[in-house]
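Take a look at the structure set out below.
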Amino acid sequence: SAPCPHPLMMLARGASLFADRLLASDPVANDHFRTATGMGIHDYMAMVVDLAVRGLGRDVEGLRDPDKCGLFNANAYESAPGLLGIISRQFFAREAQTAQELRQALWGDRRDADESGGARFDLQPLRARPIFRADDGRAIILDPKLFVERASAGPLFHLVRSDPNSANRWFAAFGDAFELYAQDM
């Protein structure tokens, strides 16, 4: 419920932390990220920025017009020729989820709607995959704050998942990048 910094500021912060600082200080980070995600950090950041520009700050009015409401067509991204299509497929595979996947992540195998027997509500499924994707390819960013967090911390967690035994290394590298960022401020 805390106010969210302006999304473009968070996107710029993420680009500065990862593209400008982390990659400059640890050249193998991009290779590890590419192994984990199928795309480079710059490609990941480009997708986050593109979707933020197209999908954030839109009213829900006019749901039939994607240019007015934040809906976008993930299928169109994925079927684009060349590198955009490749990157989009990798990106949406990691950042988007269907209704069934979201239901499973939030409720597990439960089939009833009785809240008294439910587990503690956890935002992790929304934080980890903040894009909702319908079966027909329409997609929307579920929560703008959680989505832009993907720019400022998402690459770090992809790096950690790529090699859990090196988690401390990646957290330390991110800490160093953040320290440089703070010093520059």
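Brief remarks on what is shown
- Applied to region 122-138, the Karplus parametrisation 6.51 cos²θ - 1.76 cosθ + 1.60 on θ = phi - 60° returns per-residue 3J(HN,Hα) values of 10, 7, 3, x, 7, 5, 6, 9, x, 10, 8, 10, 7, 4, 8, x, 5 Hz, with x for Gly and Pro.
- Area accessible to solvent at Val28, 1.4 Å probe radius, in Å²: 60 Å²
- J(HN,Hα) series, region 91-99, from Karplus relation 6.51 cos²θ - 1.76 cosθ + 1.60, nearest Hz, glycine and proline x: 4, 5, 4, 9, 10, 10, 8, 8, 4
- Cα pair distances exceeding 16 angstrom across region 76-181, given as percent: 68 percent
- Arg94 accessible area, assembled protein chains, probe 1.4 Å, Å²: 70 Å²
The values are calculated or read from the model by the stated rules, or taken from the named source; none is laboratory data. Note that the coordinates shown come from a computational prediction; the quantities given were computed from them, not determined experimentally. Ligands, DNA and RNA are stripped out before the accessible areas are found, and what is left, the full protein with its side chains, is counted by its heavy atoms. Shrake-Rupley method; radii C 1.70, N 1.55, O 1.52, S 1.80 Å.
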